[in-house]
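Peer 1: One structure, as structure tokens, below. Some questions next.
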Amino acid sequence: MANPACFKYLEDIHTSKWSRTYFLGNRYNLMTSNVAEQLNNAISKSRASPIVEMFMFIQRMLTRWFSAMRTKSSKHRGFYTPEVDKVIQTHIKLTKGSKISPSKEWSFSIRGIFGHGNTVHLDTKACTCQVFQKLKIPCGHGLMAADSVGLSYLA
């Protein structure tokens with residue numbers, strides 16, 4: 001164990017406080033960005049300016065941000081936003097080499113290359129890895145299961 005004090009601290013606060021998998025609420029990762037933090041960081045240098053100048057600075061900055069996002073999105077040809085596409089591609093890479101077997105109607109067992117198993121329920125959009133439920137983006141297991149029955153990732 002690298003740091004026993006850190007281990008004890010994490011154990012004492014319970015996994016629901018530091019692990020998205022066990023958190024009872026929804027944490028949407030990239031779906032809800034923390035714009036306030038980004039804005040605070042970006043305007044930190046203009047805080048000494050008069051209020052009207054600061055508002056004009058914020059307006060120009062937000063206009064640039066939204067224009068850049070619009071340009072990026074207009075070039076993107078996927079079904080999802082570029083950020084969600086990246087997450088999906090990562091999920092696909094993480095399950096590469098896994099074995100799939102049907103267990104029940106709309107349920108599949110996925111065995112990873114290191115032997116770890118997960119169960120996917122396509123009808124309820126749930127997986128034992130909890131990624132599907134917590135991110136609201138299909139996990140690699142769900143993508144494999146959907147692909148095995150010819151379902152689109154859009155559902």
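The values are calculated or read from the model by the stated rules, or taken from the named source; none is laboratory data. Keep in mind it's a predicted model, so treat the numbers as computed, not measured. Note that we place each Cβ from the backbone using ideal geometry, even for glycine, and neighbour counts take in every protein chain shown.
Peer 1: Say we look at region 86-121 and pick out the residues that are in a loop (DSSP other than H, G, I, E, B) and among the aromatic types (Phe, Trp, Tyr); which of these is farthest from THR71 (Cα to Cα)?
Peer 2: PHE114
Peer 1: Looking at region 40-94 only, could you name the residues that are of a type in the set (Phe, Trp, Tyr) and under 30 Å from ASP147 (Cα atoms)?
Peer 2: PHE79, TYR80 - these are the residues of region 40-94 that are of a type in the set (Phe, Trp, Tyr) and under 30 Å from ASP147 (Cα atoms).
Peer 1: Based on what the data block shows, is LYS86 within 16 Å of the chain's Cα centre (by Cα), assigned by TED's automatic domain parsing to the domain that holds THR128 and without any contact (Cβ under 8 Å) to a residue 12 or more places away in the chain?
Peer 2: yes
Peer 1: Within region 133-155, which residues are surrounded by 13 or more Cβ atoms within 10 Å (Cβ to Cβ) and of a type in the set (Val, Ile, Thr)?
Peer 2: ILE137, the sole residue that qualifies.
Peer 1: State the number of residues belonging to region 105-132 that are crowded, with 17+ Cβ neighbours inside 10 Å, of a type in the set (Phe, Trp, Tyr) and farther than 11 Å from ALA145 by Cα.
Peer 2: 1
Peer 1: Here are THR95, THR81, THR71: which of them is loosely packed, with under 15 Cβ neighbours inside 10 Å and polar (S, T, N, Q)?
Peer 2: THR71
Peer 1: Please indicate, with yes or no, whether at least one residue in region 68-85 is under 23 Å from THR15 (Cβ atoms), part of a loop (DSSP other than H, G, I, E, B) and modelled with pLDDT under 90.
Peer 2: No, region 68-85 contains no residue that is under 23 Å from THR15 (Cβ atoms), part of a loop (DSSP other than H, G, I, E, B) and modelled with pLDDT under 90.
Peer 1: Can you confirm whether SER73 is under 30 Å from GLN38 (Cα atoms) and either charged (D, E, K, R) or more than 14 Å from the chain's Cα centre (by Cα) (or both)?
Peer 2: So SER73 fits the description; yes.
Peer 1: For the subset of region 137-146 comprising residues that are touching a helix residue (DSSP H, G or I) at 6+ places or on another chain (Cβ under 7 Å) and of a type outside the set (A, V, I, L, M, F, W, C), which member is nearest to GLY112 (Cα to Cα)?
Peer 2: Taking the candidates together, the pick is GLY140.
Peer 1: Cβ-Cβ under 8 Å, sequence separation 6+ or interchain: first residue in region 1-16 and closer than 23 Å to LYS134 by Cβ and modelled with pLDDT under 75, partner β-branched (Val, Ile, Thr) and surrounded by 10 or more Cβ atoms within 10 Å (Cβ to Cβ). Which pairs?
Peer 2: THR15/THR21
Peer 1: Any idea which residue in region 122-142 is farthest from TYR80 (Cα to Cα), counting only those that are part of a loop (DSSP other than H, G, I, E, B) and of a type in the set (Val, Ile, Thr)?
Peer 2: Top of the filtered list is THR128.
Peer 1: I've got another one for you. What's the number of the only condition in (1) touching a helix residue (DSSP H, G or I) at 6+ places or on another chain (Cβ under 6 Å); (2) under 24 Å from GLU83 (Cα atoms); (3) of a type outside the set (A, V, I, L, M) that PHE108 fails to meet?
Peer 2: (2)
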